[in-house]
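Let me begin by presenting the structure, written as structure tokens, before commenting on it.
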Amino acid sequence: MLKASHHGARNGGSELIERLHPKLLLIPVGAGNSYGHPHPQILEAAKRVDAQVLRTDQQGTVTITFAHGRATATRIGVPVR
């Protein structure tokens, strides 16, 4: 599991995603933000490594629970607008 840097901004870098190959990429971001986050380059990097992407603008609040060597994501709440 990896939390994207700076709301998925391009300057957060796709290199870390490609190096770590996370199974889950969490992107905390508001819908329709004026910065264009998350950047397409970040989303493309996640796709290349086959990471599941959870975005707060689409799924709402997400909790991550770690147990028995696994991370489990649970979506709660409403998407961030």
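A few points about this structure:
- Note that the range 29-81 presents 67 Å² accessible area per residue, ligands and nucleic acids not counted, probe 1.4 Å.
- Percent carbon-and-sulfur accessible area, the chain, ignoring ligands, DNA and RNA, probe 1.4 Å: 51
- Cut-off 12 Å between beta-carbons: net charge of the residues surrounding Ala71, Lys and Arg +1, Asp and Glu -1: +3
- Compactness check for the chain: Cα Rg over 2.2 N^0.38 Å is 1.05.
- Computed over the range 36-81, the P(r) curve from all C-alpha pair distances, binned at 10 Å from the origin, holds 24, 42, 32, 2 percent per bin.
The values are calculated or read from the model by the stated rules, or taken from the named source; none is laboratory data. These numbers were taken from a predicted model, which means no experiment stands behind them. Methodologically, a virtual Cβ is constructed for each residue, glycine included, from the backbone with ideal geometry; neighbour enumeration extends over all protein chains shown. These area figures cover heavy atoms from the full protein model, side chains too; ligands, DNA and RNA do not enter into them. Shrake-Rupley method; radii C 1.70, N 1.55, O 1.52, S 1.80 Å.
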